[in-house]
Amino acid sequence: MTKRGAFIVIEGLDRSGKSTQAATLLKRLQDAQSPAKLINFPDRTTAIGKMIDSYLRSESELDDRAVHLLFSANRWELAKSIEETLQSGETIICDRYAFSGIAFSASKIRPGTNSYPLLDYSWCRAPDVGLPAPDMTIFLDVTQEVARARGGYGEERYEKEGVQRRVRDVFERVAEEVEGSGGRWVLVNADESEEEVQKVVWDTVKEIIGGIEGPIEKLWDDKREAGNVDALYM
Ligand code: FDM
Ligand code: MG
């Protein structure tokens, strides 16, 4: 049986070194003659992506639910091409995915208060159910102190300490849930040097870059009991 490519997601907070690590991993795979490509979410090049980009730059305002659904739609519009790429035997390294979608939206607070969520966790998760599931998610965990020492955050909407702190909390819940549903979530200490993190990332992915034998799983697609399905169509 021919193997398909591996679907590797890299997640983390801003300043965790995600994009740098993703690019380095791509290069190492290519150097090892292992076909691979790098994608990232949000993909700001599509029509939906352009709306997201404008929102993130604070050039436009959008309802919190509307923008959440746009982020998800941006993944769905690329889902088929992800599957085709994997089936063709090419590995995908993906800089952010549905987990960022939940973490950033579910950590939003009600205006004028200090409490969240504004959007319910399970509501945030729902639109991404059924997307191609990663074979492995590498979470680059950076502390606030180190993020600050790396020059702090940029100018975009979510690049603020308060936001990042809350997002980190929600990511912990996402991690538990991914592991609970049989997914692989690998926590990497991203406070370490770029080289050190590279080493850990490479050691982690080595085993799957030769390809994967099973089918592409679906994200959080909990099988309904037959009885429930029947009830649904009665
Ligand atoms: N982000 C990213 C979300 O809020 N939801 C999502 O589904 C995704 C994929 O977009 F602040 C946020 C996370 C980040 C911003 O991402 C832009 P990059 O990777 O920093 O460009
Ligand atoms: Mg960013």
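Rolling a 1.4 Å probe over the protein chains gives residue 199 an accessible area of about 120 Å².
Look at the Cα gyration tensor of the chain: its axes a ≥ b ≥ c give a/c of at least 1.5 with a/b at or below b/c, and that counts as oblate. Taken about its Cα centre, the stretch 22-133 carries a charge dipole of roughly 200 debye when the Cβ of each Lys and Arg holds +1 and the Cβ of each Asp and Glu holds -1.
Within the listed set 21, 33, 87, the Gaussian network model of the chain (springs between alpha-carbon atoms below 10 Å) gives the highest mean-square fluctuation for 33.
Projecting the Cα positions of 142, 116, 70 onto the charge dipole of the chain (unit charges on Cβ atoms of Lys, Arg, Asp and Glu, taken about the Cα centre) puts 70 furthest along the positive direction.
Ligands, DNA and RNA left out, the 1.4 Å accessible surface of the stretch 87-234 is 48% carbon and sulfur atoms. With r as the distance between the Cβ atoms of residue 221 and residue 123 and R0 = 30 Å, compute the FRET efficiency 1/(1 + (r/R0)^6) and round to 0.05. FRET efficiency, residue 123 to residue 221: 0.95. Summarising the amide proton neighbourhood of residue 136: residues at separation of 5 or more, or on other chains, whose placed amide H is nearer than 5 Å comprise 7, 9. Looking only at 98, 133, 23, which one moves most when the chain is put into a Gaussian network model with springs between Cα atoms under 10 Å? Per the Cα network of the chain with a 10 Å cutoff, 23 tops the list. Multiplying the residue separation of residue 199 and residue 61 by 0.36 nm and subtracting their alpha-carbon distance yields 45.6 nm.
Which whole-number value in Å² is the accessible area per residue of the chain, probe 1.4 Å?
Normalised by residue count, the accessible surface of the chain is 51 Å².
For the stretch 80-234, relative contact order (Cα pairs under 8 Å, six or more residues apart, normalised by length) works out to 30 percent.
Restricting to DSSP loop positions (anything but H, G, I, E, B) with no more than 12 other Cβ atoms inside 10 Å of their own Cβ, which GluC sites (Glu not before Pro) remain in the stretch 191-221? Before the final figure, lay out each step's value.
Working: sites: 192, 194, 195, 196, 207, 213, 217; in loops: 192, 213, 217.
For GluC sites (Glu not before Pro) across the stretch 191-221 that sit outside H, G, I, E and B with at most 12 neighbouring Cβ atoms in 10 Å, the list reads 213.
Ranking 26, 178, 154 by Cα position along the charge dipole of the chain, where only Lys, Arg, Asp and Glu carry charges on their C-beta atoms, puts 154 farthest toward the positive end.
The values are calculated or read from the model by the stated rules, or taken from the named source; none is laboratory data. What you see is a predicted model; the values in this text were computed from it and never measured. In this analysis, Cβ positions are derived from the backbone assuming ideal geometry, glycine residues included, and neighbour counts consider all displayed protein chains. Areas reflect the complete protein model, heavy atoms only, side chains present, ligands, DNA and RNA absent. Shrake-Rupley method; radii C 1.70, N 1.55, O 1.52, S 1.80 Å.
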